[in-house]
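Single-structure report; data block below.
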Amino acid sequence: MMKRSMQGVYVVEFAFISVLLFTLLFGVLEMGRLYYTVNVLNESVRRGARLAAVCNISDPVVLRRAIFNSAGDSGVSSLLADLDTGDLTLRYLDQNGAPVASPGDLVNASGFAAVRYVQLTLQNFQFSLFIPGFGVPITLPVFKATLPRESLGRHPRADVAPEITPC
């Protein structure tokens, strides 16, 4: 008699526990995806700033390589489908941290010679959750990397004019 009245209890218990179990499982997976996304964005900004510090100022390849694409590849990143070169902002800064107006100007003292730092910024990146019912995108904070300038793609030699090296 007791066994007959307890027949559906296991199904009800599983229903309660499975909701908690699957919520926890999806939460762990989403936190892993979020952590991966933040690491890719941090590395993209750091990588782009490093490339900009050593590559030619007018080279468009810098931002494509920053998002882990090849030099000839354009479009979204091969690691994150939502990351594009349009999300990145590259600025050349003077010794006080103010943007240099024309960093490609080799003749003017307020141009190429004034560049002391390279800064790459990524902002307003939207992270979308895969959890059913929680499809609200999360705006991640600003990612920024500032590095001191190095050669900026120019290697002066004593016997000839400065040489531009491709990245």
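The values are calculated or read from the model by the stated rules, or taken from the named source; none is laboratory data. Since this is a predicted model, take the numbers as computed values, not measurements. Here the Cβ positions follow ideal geometry from the backbone for every residue, glycine too, while neighbour counts run over all protein chains shown.
Worth pointing out:
- Note on the stretch 32-49: residues that are over 14 Å from Ala81 (Cβ atoms) and buried (at least 17 other Cβ atoms within 10 Å of the Cβ) amount to 4.
- Residues located in the stretch 103-125, provided they are of a type in the set (Gly, Ala, Ser) and either under 25 Å from Val142 (Cα atoms) or surrounded by 16 or more Cβ atoms within 10 Å (Cβ to Cβ) (or both): Gly111, Ala114
- Selected residue (only one of Leu90, Leu83 is in contact (Cβ under 8 Å) with a residue 12 or more places away in the chain, within 15 Å of Leu140 (Cβ to Cβ) and surrounded by 10 or more Cβ atoms within 10 Å (Cβ to Cβ)): Leu83
- Number of the exception - Ser78 against (1) loosely packed, with under 13 Cβ neighbours inside 10 Å; (2) under 19 Å from the mean Cα position of the chain (by Cα); (3) touching a residue at least 24 places away in the same chain (Cβ under 8 Å): (3)
- Ser70 being under 24 Å from Gly153 (Cα atoms), modelled with pLDDT of 85 or more and touching a helix residue (DSSP H, G or I) at 6+ places or on another chain (Cβ under 8 Å): no
- For beta carbons closer than 6 Å, sequence separation of 6+ or different chains, a first residue in the stretch 49-65 that is closer than 19 Å to Asp105 by Cα and a second that is polar (S, T, N, Q) and modelled with pLDDT under 90, the qualifying pairs are Val54/Ser151.
- In the stretch 3-19, the condition of being over 18 Å from Lys144 (Cα atoms) and either in contact (Cβ under 8 Å) with a residue 40 or more places away in the chain or under 14 Å from the mean Cα position of the chain (by Cα) (or both) is met by no residue.
- Candidates are the residues of the stretch 84-117 that are part of a loop (DSSP other than H, G, I, E, B) and β-branched (Val, Ile, Thr); the one that is modelled with the lowest pLDDT is Val107.
- Test: Arg46 is of a type in the set (Lys, Arg) and more than 28 Å from Met31 (Cβ to Cβ): no
- Among the residues of the stretch 118-167, those that are modelled with pLDDT of 85 or more and of a type in the set (Val, Ile, Thr) comprise Val118, Thr121, Ile138, Thr139, Val142, Thr146.
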